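Reading through the structure tokens given below for one structure.
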Amino acid sequence: MPDAEDFEATAAVLDAAAQETETLMEPVRAALGDGVMVGGALTQLVTDEVDAASGILVTVAAELSRLADECRQRAETTRQALPTP
């Protein structure tokens, strides 16, 4: 059975993953910068796909953060349930 420290450690890992997930699209958006792709159907298609991927990553980051919060809650519950030596 995991203890409070295990839950806290997992929460930290999940928080880090959420933060990293939020930054994954930055290089992609930078690659679409000035002069790389301008106008046309391909530009619209790529932009739409990048926007869709960004939306998915926002959802993933939010879920990772939610799971980190759950781990912190479980850590606190574990601390309260176990007697202090």
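The values are calculated or read from the model by the stated rules, or taken from the named source; none is laboratory data. Quantities reported herein were computed from a predicted structural model and do not represent experimental measurements. Note that we place each Cβ from the backbone using ideal geometry, even for glycine, and neighbour counts take in every protein chain shown.
Of note:
- Lone unmet requirement of (1) assigned to a helix (DSSP H, G or I); (2) free of Cβ contacts under 8 Å to residues at least 24 places away in the same chain; (3) surrounded by fewer than 12 Cβ atoms within 10 Å (Cβ to Cβ) for Val46: (3)
- When Leu32, Leu82, Leu67, Leu45 are screened for being in contact with an Asp or Glu (Cβ under 9 Å, 6 or more places away or on another chain) and not charged (D, E, K, R), only Leu82 passes.
- The condition of being at pLDDT below 95, of a type in the set (Val, Ile, Thr) and more than 17 Å from the chain's Cα centre (by Cα) holds for only one of Val46, Val50, that being Val46.
- Residue in the stretch 25-33 that is hydrophobic (A, V, I, L, M, F, W, C), out of contact with any strand residue (DSSP E or B) (no Cβ under 9 Å at 6 or more places or on another chain), free of Cβ contacts under 8 Å to residues at least 40 places away in the same chain and not in a helix (DSSP H, G or I) present: yes
- Any hit, the stretch 36-51, residues being among the hydroxyl-bearing types (Ser, Thr, Tyr) and touching a helix residue (DSSP H, G or I) at 6+ places or on another chain (Cβ under 8 Å): no
- Within the stretch 63-85, tally of residues that are more than 10 Å from Ala4 (Cα to Cα), at pLDDT 95 or above and not hydrophobic (A, V, I, L, M, F, W, C): 5
- Of note, Glu26 does not satisfy the criterion of being surrounded by 11 or more Cβ atoms within 10 Å (Cβ to Cβ) and among the charged types (D, E, K, R).
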